Amino acid sequence: MICVGTPSQQDGAVDLSYVISAVQQTCDALGKQACTICIKSTVPPSSARDVLQPLLDGYDNLRLTNNPEFLREGYAWQDFMQPDRIVIGSDCSQALNTLERLYRSFSSPIHKVSLTEAEFIKYLSNTLLATLISFANEQSQIADTVGDINIQKVFTILHEDKRWHDSSGTKKTVNMASYVYPGCGFGGYCLPKDLQALINQAEKQGFTPNLLKQVNEVNIGMIDYHAQKIIHHTKQDDKIAILGLAFKPNSDDVRDTPAHKIIAALLNGDRKNIQCYDPEAMTTFTEHYDFPIAYKPSLEECVTDADVIVICTAWQEFTHLEDLASFTKIKQQDKFFDLRYFLAT
Ligand SMILES: NC(=O)c1ccc[n+]([C@@H]2O[C@H](COP(=O)([O-])OP(=O)(O)OC[C@H]3O[C@@H](n4cnc5c(N)ncnc54)[C@H](O)[C@@H]3O)[C@@H](O)[C@H]2O)c1
């Protein structure tokens, strides 16, 4: 099982060097021993056909498979152990059977597909999620521009559409509905890079994916949209409390997190008095980014002397803001910016 990183290159294409190196190391280590190699890293469709399979030339004992991972960060164990579907791809029926046996104790449906289909399904999934988020974000900008629209309320009502509900009649929205909700853009290690990768892949094949390119543009634009709004409503020496640094709640992952872009845009806009708090991601944030800002050990300490509050990540803990007197004052002064449309308005 190879699950090494597949980061973006400058042009958005995927850097496959870690996967290539892991496959080569595996080949060297195995020698003539028979083995099924499974790529679990997210690799662009046709990577196996064009790049990885040729590495196995001369190794009749090795078979290549692809098994995309659909887990959500923050729910890795739960999603891995209870997958909604298991996709195994190979152009060799023996290798497909090996992987099928590996997963036989799981009750989820197992789909046997080709290598390229397995690779594509992962991008199909992630670029749909990215599209839903950018759709919601653009709609929130339209609503904001029109005015007199409570964005939280209208999206909550949108979710009442029965097509967003499970069929059991519980009136509970399906998980997908949570992606049709505005915020400050998607971040993290997967959606931005996978979206870029599919755009890049399509363009290399001579096809322009207009919709996906706009999904990306809308996402990039969200940072500036929110940052300019904050800059417009604040004074240069206002103390700004940034709440949430992780790219999503229940995770300490700060890779490509919207918070770092918001902070960079505020610093760039001469809002230099910034302090921040995150329940889990402060250490990883300081390891990844070097901003001249203060880090506070608690929610209370971060907001007590602040003039402005900005929520960048919808941590459950931030619902306690409503119990703090300083928050009420800041809210009344219109200096509270809930970039996740999270707290009740
Ligand atoms: N993070 C997620 O939620 C998630 C979900 C689905 C798919 N994926 C995909 O899984 C892959 C890994 O993602 P991640 O978030 O775990 O990345 P990561 O960067 O956190 O982890 C990758 C690990 O691979 C190690 N590594 C690199 N080269 C190696 C080699 N030759 N031999 C052994 N180890 C090596 C690195 O040291 C690192 O620990 C990516 O392709 C990603 O797109 C991630």
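Values quoted throughout were computed directly from the atomic coordinates according to the rules given, and no laboratory measurement underlies them. This one's a predicted model, so the numbers in the text were calculated from it and none came from an experiment. Cβ: placed from backbone, ideal geometry, glycine included. Neighbour counts: every protein chain shown.
Shape of the stretch 156-278 from the C-alpha gyration tensor: oblate (a/c of 1.5 or more and a/b not above b/c, with a ≥ b ≥ c the square roots of its eigenvalues). Measuring r between the beta carbons of N150 and K32 and using R0 = 51 Å, the FRET efficiency lands at 0.15. Taking a straight line from the alpha carbon of K272, these lysines sit under 23 Å away, with near neighbours fewer than eight places off in the same chain left out: K229, K235, K239, K261, K296, K329, K331, K335. For K171, a cut-off of 28 angstrom between C-alpha atoms picks up these lysines, skipping any fewer than 8 places away in its own chain: K153, K162, K248. Ordered by the number of other Cβ atoms lying within 10 Å of each residue's own Cβ, fewest first, W164, W77, W315 fall into the sequence W77, W164, W315.
Here the residues E160, E73, E301, ranked from fewest to most Cβ neighbours within 10 Å of their Cβ, fall in the order E160, E301, E73. Placing a label point 7 Å from the Cα of D79 along the Cα-to-Cβ direction, the residues of the stretch 17-60 whose backbone N falls under 14 Å from that point are 41-42.
Residue by residue, the stretch 282-295 carries 3J(HN,Hα) couplings of 5, 5, 5, 5, 5, 6, 8, 10, 10, 9, x, 10, 9, 10 Hz when phi is fed to the Karplus relation 6.51 cos²θ - 1.76 cosθ + 1.60 (θ = phi - 60°); x denotes Gly or Pro. Taking the C-alpha atoms only, the angle from helix 115-146 to the longest principal axis of the chain is near 10 degrees.
Expressed to the nearest 5 percent, the antiparallel share of DSSP beta bridges inside the stretch 124-338 is 5 percent. For Y75, the shell of other residues with beta-carbons less than 13 Å away shows a net charge of -3, using +1 for Lys and Arg and -1 for Asp and Glu.
With the cut-off at 1.5 for a/c, could you classify the stretch 200-345 from its C-alpha gyration tensor as rounded, prolate or oblate? Cα axes put the stretch 200-345 in the prolate bin. Rounded, prolate or oblate for the stretch 1-92? Axes are the square roots of the Cα gyration tensor eigenvalues, ordered a ≥ b ≥ c, and the cut-off for rounded is a/c under 1.5. It is oblate, given that a/c is not under 1.5 and a/b is not larger than b/c. Could you pull out every residue, at least 5 positions away or on a different chain, whose amide H is within less than 5 Å of the one on D338? Hs are placed 1.01 Å off N in the peptide plane, and Pro or chain starts have none. It is I311, by chain and number.
Under 25 Å of direct C-alpha separation, and excluding same-chain neighbours fewer than eight residues apart, K204 reaches these lysines: K40, K122, K193, K213.
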